[in-house]
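A.B. asks: Before I ask anything, let me first share the structure, which is written out below as structure tokens.
The values are calculated or read from the model by the stated rules, or taken from the named source; none is laboratory data. Note that the structure is a prediction, hence the values are computed from the model and not measured. Positions of Cβ are generated from backbone atoms using ideal geometry, with glycine treated the same way; all protein chains shown enter the neighbour counts. The accessibility values were calculated without ligands, DNA or RNA, using every heavy atom of the protein model including side chains. Shrake-Rupley method; radii C 1.70, N 1.55, O 1.52, S 1.80 Å.
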Amino acid sequence: MRLTVLGSAAGGGFPQWNCGCPQCVAVRGNHADFQGRTQDSVAVTRDGESYVVVNASPDVLEQIKRTRALWPRAPRHSPIRAIVLTNGDMDHVLGLFALRESYPFALYATEAVWRGLEANAFLRTLQRFEGHVVWRRLEIGHDMEIRDAAGESTGVHLRAFAAPGKLPVHLMGGTPSPEDNVGLVFHDGSAPRRSAVYLTACAHLETRSDLEGHAALLFDGTFYREDELVRLGLSQAVAKDMAHVPITVDDGRGSLARLSSLPGRKIYTHINNTNPILSKSSEERRIVEAAGFEIAFDGMDITL
Ligand SMILES: [Zn+2]
């Protein structure tokens, strides 16, 4: 099984269109310490022919354009057989509407996330004919084989688990559910099982049992510090307000301290443009790498 990081930035990307923070300025100026990043997504394949894409980023067309494995093999074709949503965030669903050109795919989402999508009239553009986009319910705790819109297996297996998060702005007011935000475990069904976890929005790490026992963990690297945006004068919101556990917290409850003892590969992704680990020469980058973590980049391949 192989995972390819299509986008390693948090919502907004890097640089973010309306951000003049020092890092966004530097990446726009092609500074050697930085590389540009698109918004959170990963492609998973077992056979290199059928692909499952996690989250449909607003950058999905650009991500497909620069990923040869996702190019059509016939006049009307796409290797993308299914899309899995981890929550209903705009930076995870807007890309669906860019994939409306009458090509069938399966959409895996929890019932709560699907109901949020369904409330939007835009969804009709993905329901142009029977079987255009086939919703399959992602049930927490169920191990399932991912199938395309026609029911054909992709060879990729998936289990979703509930993760602490918060409702996106456009869905606020609804009743919160454990299905609002999930992490995903991928494996290819073979034994011994080698699996990868994808969890890019996680509010806290009071329990980490879902993250144990995997060959690779791609984890929420949104913020390095709790008050990162406040320090830069960009916002009054701290990481907790946005439901992201920061990499470091003074009391040892940051993800670096909580996850560094896990034996598999540990990779930070969904990195906000303000996070100092984006700079190849920063002290924060050195600390994170010394603790055994890798920093995802667009185009990174992870083979299990
Ligand atoms: Zn910025």
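A.B. asks: Consider only pairs whose beta carbons are under 8 Å apart and that are at least six residues apart or on different chains; among these, list those whose first residue lies in the stretch 266-289 and is farther than 16 Å from His31 by Cα and small (Gly, Ala, Ser) and whose second residue is away from the ligand (no atom under 11 Å from the Cβ) and outside any loop (DSSP other than H, G, I, E, B).
C.D. replies: none
A.B. asks: What do you reckon, is Gly20 on the phi < 0 side of the Ramachandran plot, of a type outside the set (Lys, Arg) and within 16 Å of the ligand (Cβ to nearest atom)?
C.D. replies: Details: on the phi < 0 side of the Ramachandran plot: yes; of a type outside the set (Lys, Arg): yes; within 16 Å of the ligand (Cβ to nearest atom): yes.
The answer is yes for Gly20.
A.B. asks: If you take the residues in the stretch 188-214 that are charged (D, E, K, R) and closer than 20 Å to Ser261 by Cβ, which one is surrounded by the fewest Cβ atoms within 10 Å (Cβ to Cβ)? Spell out how you get there, then give the answer.
C.D. replies: Here is the first cut: in the stretch 188-214, the ones charged (D, E, K, R) are 188, 193-194, 206, 208, 210, 212.
Restricting the remaining residues to those that are closer than 20 Å to Ser261 by Cβ gives 194, 206, 208, 210, 212.
On the way: Arg194: 16, Glu206: 9, Arg208: 14, Asp210: 19, Glu212: 13.
The qualifying residue surrounded by the fewest Cβ atoms within 10 Å (Cβ to Cβ) is Glu206.
A.B. asks: Has the stretch 39-55 got any residue that is within 14 Å of the ligand (Cβ to nearest atom), in contact (Cβ under 8 Å) with a residue 40 or more places away in the chain, surrounded by 24 or more Cβ atoms within 10 Å (Cβ to Cβ) and among the aliphatic types (A, V, I, L, M)?
C.D. replies: Quick first cut of the stretch 39-55, residues within 14 Å of the ligand (Cβ to nearest atom) only: 39.
Keeping just the survivors that are in contact (Cβ under 8 Å) with a residue 40 or more places away in the chain gives 39.
Now narrow it down to the ones that are surrounded by 24 or more Cβ atoms within 10 Å (Cβ to Cβ): 39.
Remaining after also requiring among the aliphatic types (A, V, I, L, M): none.
No.
A.B. asks: Return yes when Ala10 is within 16 Å of the ligand (Cβ to nearest atom), of a type outside the set (D, E, K, R) and in contact with a His (Cβ under 6 Å, 6 or more places away or on another chain) and no when it is not.
C.D. replies: Values: within 16 Å of the ligand (Cβ to nearest atom): yes; of a type outside the set (D, E, K, R): yes; in contact with a His (Cβ under 6 Å, 6 or more places away or on another chain): yes.
Yes.
A.B. asks: I'm told Ala43 meets every condition in (1) in contact with a strand residue (DSSP E or B) (Cβ under 9 Å, 6 or more places away or on another chain); (2) farther than 23 Å from Ala216 by Cα except one. Can you identify the failing condition by its number?
C.D. replies: Result: Ala43 fails condition (2) only.
A.B. asks: Let me ask something else about it. Scan (1) over 15 Å from the mean Cα position of the chain (by Cα); (2) at pLDDT 90 or above; (3) not polar (S, T, N, Q) for the single condition Leu184 breaks and write down its number.
C.D. replies: (1)
A.B. asks: Mind telling me which of the residues Leu138, Leu85, Leu117, Leu107 ends up being open to solvent by 10 Å² or more (accessible area, probe 1.4 Å) and within 16 Å of Val54 (Cβ to Cβ)?
C.D. replies: Numbers: Leu138 fails: open to solvent by 10 Å² or more (accessible area, probe 1.4 Å); Leu85 fails: open to solvent by 10 Å² or more (accessible area, probe 1.4 Å); Leu107 fails: open to solvent by 10 Å² or more (accessible area, probe 1.4 Å).
It is Leu117.
A.B. asks: How many residues are free of Cβ contacts under 8 Å to residues at least 40 places away in the same chain, over 16 Å from Leu117 (Cβ atoms) and open to solvent by 40 Å² or more (accessible area, probe 1.4 Å) if we restrict to the stretch 154-172?
C.D. replies: 2
A.B. asks: Let me ask another. Evaluate the following for Val185: is it touching a residue at least 60 places away in the same chain (Cβ under 8 Å), of a type outside the set (S, T, N, Q), in a strand (DSSP E or B) and surrounded by 16 or more Cβ atoms within 10 Å (Cβ to Cβ)?
C.D. replies: Numbers: touching a residue at least 60 places away in the same chain (Cβ under 8 Å): no; of a type outside the set (S, T, N, Q): yes; in a strand (DSSP E or B): yes; surrounded by 16 or more Cβ atoms within 10 Å (Cβ to Cβ): yes.
For Val185, the condition - touching a residue at least 60 places away in the same chain (Cβ under 8 Å), of a type outside the set (S, T, N, Q), in a strand (DSSP E or B) and surrounded by 16 or more Cβ atoms within 10 Å (Cβ to Cβ) - is not met.
A.B. asks: Further, regarding this structure: Scan the stretch 88-102 for residues that are at negative phi and open to solvent by less than 60 Å² (accessible area, probe 1.4 Å) and jot them down. Steps first, please.
C.D. replies: Looking only at the stretch 88-102, we keep the residues that are at negative phi, and these are 88-101.
Across the stretch 88-102, the qualifying residues are Gly88, Asp89, Asp91, His92, Val93, Gly95, Leu96, Phe97, Ala98, Leu99.
A.B. asks: Scan the stretch 282-298 and tell me whether some residue there is polar (S, T, N, Q) and open to solvent by 50 Å² or more (accessible area, probe 1.4 Å). Break it down stepwise before answering.
C.D. replies: Let us first name the residues in the stretch 282-298 that are polar (S, T, N, Q), namely 282.
Imposing the further condition that a residue be open to solvent by 50 Å² or more (accessible area, probe 1.4 Å) reduces the set to none.
Scanning the stretch 282-298 turns up no residue that is polar (S, T, N, Q) and open to solvent by 50 Å² or more (accessible area, probe 1.4 Å).
Matching residues to (1) loosely packed, with under 15 Cβ neighbours inside 10 Å; (2) touching a helix residue (DSSP H, G or I) at 6+ places or on another chain (Cβ under 6 Å); (3) modelled with pLDDT under 95; (4) under 30 Å from Gly20 (Cα atoms):
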{"site": "Ala216", "(1), (2), (3), (4)": "no, no, no, no"}
{"site": "Asp220", "(1), (2), (3), (4)": "no, no, no, yes"}
{"site": "Arg225", "(1), (2), (3), (4)": "no, no, yes, yes"}
{"site": "Leu232", "(1), (2), (3), (4)": "yes, no, yes, yes"}
{"site": "Asp241", "(1), (2), (3), (4)": "yes, no, yes, yes"}
{"site": "Thr248", "(1), (2), (3), (4)": "no, yes, yes, yes"}
{"site": "Asn273", "(1), (2), (3), (4)": "no, yes, no, yes"}
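A.B. asks: Does Gly131 satisfy being over 20 Å from Val5 (Cβ atoms), in a helix (DSSP H, G or I) and among the small types (Gly, Ala, Ser)? Full working, then the answer.
C.D. replies: Values: over 20 Å from Val5 (Cβ atoms): yes; in a helix (DSSP H, G or I): no; among the small types (Gly, Ala, Ser): yes.
In short, no.
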